[in-house]
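A short worksheet on the structure shown next.
The values are calculated or read from the model by the stated rules, or taken from the named source; none is laboratory data. Note that the coordinates shown come from a computational prediction; the quantities given were computed from them, not determined experimentally. Please note: Cβ atoms are built from the backbone with ideal geometry, for glycine as well, and neighbour counts cover all protein chains shown. Only protein heavy atoms, including side chains, enter the accessible area calculation; ligands, DNA and RNA are left aside. Shrake-Rupley method; radii C 1.70, N 1.55, O 1.52, S 1.80 Å.
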Amino acid sequence: MYRLVVNSPSASAAAAAANTLLKSRTASAITGSPKKSLLSALRHTTIRTTSTSSTSSSATTSTTASVNKPTIAEPKQYSTAAHAAEPFLNGSSSTYVEEMYNSWLQDPSSVHASWDAFFRQTYGGAQPGEAYQRPPNLATPEPNTLPLSAFGAGGALVPSGAPGALGSPSDKVIDDHLAVQAIIRSYQIRGHNIADLDPLGIASADLDDSTPTELVYKSYSFEEKDMDRVFKLPATTFIGGGEKQLTLREILNRLENAYCRSIGAEFMFINSLEQCNWIRQKLEPPKSMEFDTETKRLILARLTRAFSLEAFLAKKWSSEKRFGLEGCEILIPAMKQIIDKSTEYGVESVIMGMPHRGRLNVLANVCRKPLEQIFSQFAALEAADDGSGDVKYHLGTYIERLNRVTNKNIRLAVVANPSHLEAVDPVVQGKTRAEQFYRGDNEGKKVMSMLLHGDAAFCGQGIVFETFHLSDLPDYTTHGTVHIVVNNQIGFTTDPRHSRSSPYCTDVARVVNAPIFHVNADDPEAVIHVCNIAAEWRATFHKDVVIDLVCYRRNGHNEIDEPMFTQPLMYRKIRSMKNALEKYAGKLSAAGVVSQEEIKDVKEKYERILEDGYVGSQKVTNIKYKDWLDSPWSGFFEGKDPMKVSPTGVHEETLTHIGKRFSSPPPNAAEFQIHKGLERILKSRMEMVESRTVDWALGEAMAFGSLLKEGIHVRLSGQDVERGTFSHRHHVLHHQKVDKATYRPLCNLYPDQAPYTVCNSSLSEFGVLGFELGYSMTNPNALVLWEAQFGDFSNTAQCIIDQFISSGQSKWVRQTGLVMLLPHGMEGMGPEHSSARLERFLQMCSDDPDVMPSFDGDIAVRQLQEINWIVAYLTTPANVFHVLRRQIALPFRKPLIIMTPKSLLRHPEARSSFDDMKPGTEFQRIIPDPTAPATARKLILCTGKVYYDLKKARAERGLENEIAITRVEQISPFPYDVLKEEVNKYANAQLTWVQEEHKNSGAWCYVQPRMRTLFPERETKYAGRHVSASTATGSKHMHLKEQSQLYEEAFA
């Protein structure tokens, strides 16, 4: 048996020969001499034959032979050796061809399909070499490849199944197909650059009016005559729908529809093929953006409500600032659509953060806040509860309601926000993460966050970048946030060309591979389509997504601002054009979706609702700040004595158990290899536990552990907190030879303990502190702590400290028990590693320095209840233990600011006994001098680390009987009662406040007026460093000199 092997670059010599043979054979049917014609037609044919055996493959030999001198192999030879070559027309091959041809003439179905195709092609007039057709390849074609059968003569692409699909493609055809692939990819990458995004039609959203050359088909050597050529579609596009090949004209048309109409998609930078293909499938298929009649009517109704509310507010309060949504009313249907779709995917709670623009509309139409409460904010009514309140467009809310579209319950929270745009972003993320944690929602399927932004703030505020970089960190991720940018194309009065260097305001989102959908806000259906994609993206991939609503601002920055001063051309255009509602209503009416009467009925119905709400608001006599609470703590305050603090002491058995667990290596210590230095640290800790003594790290760990035992979740976050900046904490032990193998002692104290989270954060203060604040707002029965790497760095988060933590309860009736741990102390480490700016925290305390509080009842608790936050600078581990436990023991919540030590972490005297932490003990607001006599000539009052310096210097000078040193542990609220009792013991002593900080820093400016109020007839002098613009000197010599002068002044 022989196998014919084709050996030709262009359909093979054999195929050419057979084709010639067939033509001659066809002619011979007429002339009557088939054999002669057959043989003469195949003279001088070059052929290669291969012999094969049933048992093994034989060698292949190529020869060139003439039919005049044929070499014919024996037909019945079964040797495994190579056969001698034979010409094609001699021996069995020519006979075989003849037999096949004769059989085909009698019955085409009697031969193999390949011979049938060959003979038919020849009958059809195929030239030599063109009738041969390879057998089909049964293997799955590789991506972006075409079988040769797809090409006809000359290499042109032939539609599947059409005659003439043979031959090799020419270089031009290959180049043209590659060019088509390049065009498709160019549209996917840069189609957004020429999309119709600006509803005003006067600018490009990317600040560039040019068209990228790669989007011009003539740049690829195509001409108009090529527009109707058919091209195979690559696997990287879905524009074909069910079609596999399209004309170039149709390819370009569909790409334009997908990427260059009202939606401009940026996603090709994402480094996941699965995710890119997913987005392509949502955007590219024909008719992917078609909606049914009911959906269109729903969009219209929601858009009507958004417009009507803004018009109603403008009519009733024309001279009031409200930061309305005019120009981007589509935001309301967009948000509602995202909530609807997310609810379908299982979301039960949505936490939102937004700037002031459009807030009232969101509260009314998205959250369905009672209109009476919203309208009453425009009246100058007295508040029925305590607090300073905030302007109406900063307020938050919390609503539980039924989603009428999905018929599922949904919880909606809008977090209160100051005018510091974007500052609320990390707060929302922290609150979302906390809700997910308490619900056990480890994949973010039940709780999600939605953040609204302005275009100028989104690209201009660094906190946006910090928040994005938390999005995929294990202990900070919220498993995907939907970001919506209300892109007014202006920032107050600043043109985008002067407010950003990037093409789009959304480019910051590219750092986390978030897809970005720019959409013309005057095309409601395009907006809703993008919202559907965004909601499904978040549900599918649990990653961030950005919707850029390119719109405009119909009024100025606020309703009484004149925008024509700075943007005359833009506002001339705005005032001459129809709004989005008029355009969409007209479109639906023309299409027969709704009638003019229905449009009018929807509008009038909602206007009646607004009027009823207005009438109701006129009956409101006072406002209640609690109606605007964004984080209610259901049941927390009920049934509690507001003046009773639970005990903070703990039984010694508990202290010993926690101490030993915290001081022990992992249970499988033989397998888990820890660092040799840690072995020494653990051994030292165990020795302290056995001697009933604790240092700073042990005192903190015992506070955490005892709370965990009581079912209180503890979360410690910040830069390097797992080990501790000063290598003192070591809450996470690392295997020295196995990557990612860790052991957390405080997570393994008790089988039924609460969860303990300790997590190193990104190198961010603003973002992470805001995140932990949001986390602490969610549940009062948790101890949430943020530690700065050095206290000096906390001022990077000053916005969170000023706008949220210090004033949050006063403005928004929102409590939090957040703890800030700020390493502080003058130790010669320079101006950036010395001061947590204690004076700033004290300056923001809300107690009056000129008013002496009443000493009746429990003044300590009453002071805590009335203050906005607590500031402490502690000197003993026992006080650290008690003050942390007191955060949970209080019947209310207040932020706690602690100046934490550096050198005291290992100071041999900064130790406490178990006796100071047992039941019956409590936090000491001041610590009196235990040894100084009442006859001492001077009483030094101080706080923090300087106490140990003063104590040592006093001993060196032998002044123990002359100088008394009392420590003020809790600086604010000021401990008037206990301090008065202590000072009165030293009736003849000179009072001196000593601090290591400069005079214009530290606690002196806070302490001085309060001491004057407490002791109007006794002067309190100051001893310490003189005023300075810098927090500390960078010279070690100068530091020691200043320290020496401090001692001289203190003991003088």
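Within the stretch 539-546, is even one residue over 27 Å from V486 (Cβ atoms) and either of a type in the set (D, E) or in a helix (DSSP H, G or I) (or both)? Within the stretch 539-546, none of the residues are over 27 Å from V486 (Cβ atoms) and either of a type in the set (D, E) or in a helix (DSSP H, G or I) (or both). Scanning the stretch 511-534 for residues that are over 12 Å from A265 (Cα atoms) and touching an Asp or Glu at 6+ places or on another chain (Cβ under 8 Å) yields a single hit, V512. Taking the stretch 784-804 as the search range and keeping residues that are surrounded by fewer than 24 Cβ atoms within 10 Å (Cβ to Cβ) and over 23 Å from the mean Cα position of the chain (by Cα), which one is nearest to R893 (Cα to Cα)? Filtering first and then ranking leaves D802.
Per the conditions (1) without any contact (Cβ under 8 Å) to a residue 12 or more places away in the chain; (2) assigned to a strand (DSSP E or B), the sole criterion not satisfied by Y1022 is (1). Per the conditions (1) modelled with pLDDT of 95 or more; (2) out of contact with any helix residue (DSSP H, G or I) (no Cβ under 7 Å at 6 or more places or on another chain), the sole criterion not satisfied by D858 is (1). Looking only at residues of the stretch 309-327 that are under 14 Å from I374 (Cβ atoms) and in a helix (DSSP H, G or I), we find that the one that is most open to solvent (accessible area, probe 1.4 Å) is K316. Can you say whether A955 is without any contact (Cβ under 8 Å) to a residue 40 or more places away in the chain, outside any loop (DSSP other than H, G, I, E, B) and under 30 Å from S727 (Cβ atoms), as far as the supplied structure shows? The answer is yes for A955. The set of residues from the stretch 689-703 being in a helix (DSSP H, G or I) and in contact (Cβ under 8 Å) with a residue 60 or more places away in the chain comprises W696, A697, L698, G699, E700, M702, A703. Within the stretch 602-623, the set of residues being surrounded by 13 or more Cβ atoms within 10 Å (Cβ to Cβ) and under 23 Å from E326 (Cβ atoms) comprises V602, K603, K605, Y606, E607, I609, L610, E611, G613, Y614, S617. With the condition kept exactly as written, say whether any residue in the stretch 665-677 is open to solvent by 20 Å² or more (accessible area, probe 1.4 Å), in contact with an Asp or Glu (Cβ under 9 Å, 6 or more places away or on another chain), closer than 28 Å to E652 by Cβ and modelled with pLDDT under 95. Looking for residues that are open to solvent by 20 Å² or more (accessible area, probe 1.4 Å), in contact with an Asp or Glu (Cβ under 9 Å, 6 or more places away or on another chain), closer than 28 Å to E652 by Cβ and modelled with pLDDT under 95, one finds at least one in the stretch 665-677, hence yes. Screening the candidates S646, S634 for the property of being part of a loop (DSSP other than H, G, I, E, B) and open to solvent by 90 Å² or more (accessible area, probe 1.4 Å) yields one hit, S634.
When the residues of the stretch 552-586 are filtered to those that are among the hydroxyl-bearing types (S, T, Y) and free of Cβ contacts under 8 Å to residues at least 24 places away in the same chain, the one that is least open to solvent (accessible area, probe 1.4 Å) is Y571. Just a yes or no: is a residue in the stretch 638-647 under 38 Å from the mean Cα position of the chain (by Cα) and at pLDDT below 95? Yes, because at least one residue in the stretch 638-647 is under 38 Å from the mean Cα position of the chain (by Cα) and at pLDDT below 95. For the criterion of being buried (at least 18 other Cβ atoms within 10 Å of the Cβ), under 22 Å from the mean Cα position of the chain (by Cα) and β-branched (V, I, T), I547 passes.
Restricting the stretch 281-295 to residues that are touching a residue at least 60 places away in the same chain (Cβ under 8 Å) and open to solvent by less than 50 Å² (accessible area, probe 1.4 Å) leaves a set whose member that is farthest from L252 (Cα to Cα) is T295. Regarding the stretch 186-201, can at least one residue be identified that is open to solvent by 60 Å² or more (accessible area, probe 1.4 Å), outside any loop (DSSP other than H, G, I, E, B), at pLDDT 80 or above and out of contact with any strand residue (DSSP E or B) (no Cβ under 8 Å at 6 or more places or on another chain)? Within the stretch 186-201 (the criterion being open to solvent by 60 Å² or more (accessible area, probe 1.4 Å), outside any loop (DSSP other than H, G, I, E, B), at pLDDT 80 or above and out of contact with any strand residue (DSSP E or B) (no Cβ under 8 Å at 6 or more places or on another chain)), the answer is yes, since at least one residue qualifies.
Would you confirm whether any residue within the stretch 626-649 is small (G, A, S), over 25 Å from A788 (Cβ atoms) and touching a helix residue (DSSP H, G or I) at 6+ places or on another chain (Cβ under 7 Å)? If you could, list the steps in order and put the result at the bottom.
Residues of the stretch 626-649 that are small (G, A, S), as a first pass: 631, 634-635, 639, 646, 649.
Subset that is over 25 Å from A788 (Cβ atoms): 634-635, 639, 646, 649.
Then drop every residue that is not touching a helix residue (DSSP H, G or I) at 6+ places or on another chain (Cβ under 7 Å), which leaves 646.
Yes, there is a match, as at least one residue in the stretch 626-649 is small (G, A, S), over 25 Å from A788 (Cβ atoms) and touching a helix residue (DSSP H, G or I) at 6+ places or on another chain (Cβ under 7 Å).
Residues that are touching a strand residue (DSSP E or B) at 6+ places or on another chain (Cβ under 9 Å), surrounded by 17 or more Cβ atoms within 10 Å (Cβ to Cβ) and part of a loop (DSSP other than H, G, I, E, B) occur in the stretch 856-867; there is at least one. Among the residues of the stretch 488-495, some residue qualifies, meaning at least one is among the polar types (S, T, N, Q) and not in a loop (DSSP other than H, G, I, E, B).
Quick one: would you say E224 is modelled with pLDDT under 95, out of contact with any helix residue (DSSP H, G or I) (no Cβ under 8 Å at 6 or more places or on another chain), over 24 Å from I533 (Cβ atoms) and open to solvent by 10 Å² or more (accessible area, probe 1.4 Å)?
Numbers: modelled with pLDDT under 95: yes; out of contact with any helix residue (DSSP H, G or I) (no Cβ under 8 Å at 6 or more places or on another chain): yes; over 24 Å from I533 (Cβ atoms): yes; open to solvent by 10 Å² or more (accessible area, probe 1.4 Å): yes.
In short, yes.
Is it the case that the stretch 563-574 has a residue that's within 27 Å of V485 (Cα to Cα) and hydroxyl-bearing (S, T, Y)? Checking the stretch 563-574: at least one residue is within 27 Å of V485 (Cα to Cα) and hydroxyl-bearing (S, T, Y).
Matching residues to (1) at positive phi; (2) β-branched (V, I, T); (3) not in a loop (DSSP other than H, G, I, E, B):
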site	(1), (2), (3)
E909	no, no, no
P919	no, no, no
T931	no, yes, no
L941	no, no, yes
D949	no, no, yes
E960	no, no, no
T966	no, yes, yes
F974	no, no, no
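Does the stretch 1025-1052 hold any residues that are over 47 Å from the mean Cα position of the chain (by Cα), within 22 Å of A955 (Cβ to Cβ) and of a type outside the set (K, R), and which are they? Across the stretch 1025-1052, the qualifying residues are L1040, E1042, Q1043, S1044, Q1045, L1046, Y1047, E1048, E1049, A1050, F1051, A1052.
Of everything in the stretch 436-459 that is surrounded by 16 or more Cβ atoms within 10 Å (Cβ to Cβ), in contact with a strand residue (DSSP E or B) (Cβ under 7 Å, 6 or more places away or on another chain) and in a helix (DSSP H, G or I), the residue that is modelled with the highest pLDDT is Q436. Scanning the stretch 563-599 for residues that are in a helix (DSSP H, G or I), over 20 Å from I332 (Cβ atoms) and among the aliphatic types (A, V, I, L, M) turns up M564, L569, M570, A590. Within the option set G705, G711, being open to solvent by less than 20 Å² (accessible area, probe 1.4 Å) and not hydroxyl-bearing (S, T, Y) holds for one residue only, G705. Of all the numbered requirements in (1) open to solvent by 10 Å² or more (accessible area, probe 1.4 Å); (2) in contact with a strand residue (DSSP E or B) (Cβ under 7 Å, 6 or more places away or on another chain), E922 misses one, and that requirement is (2).
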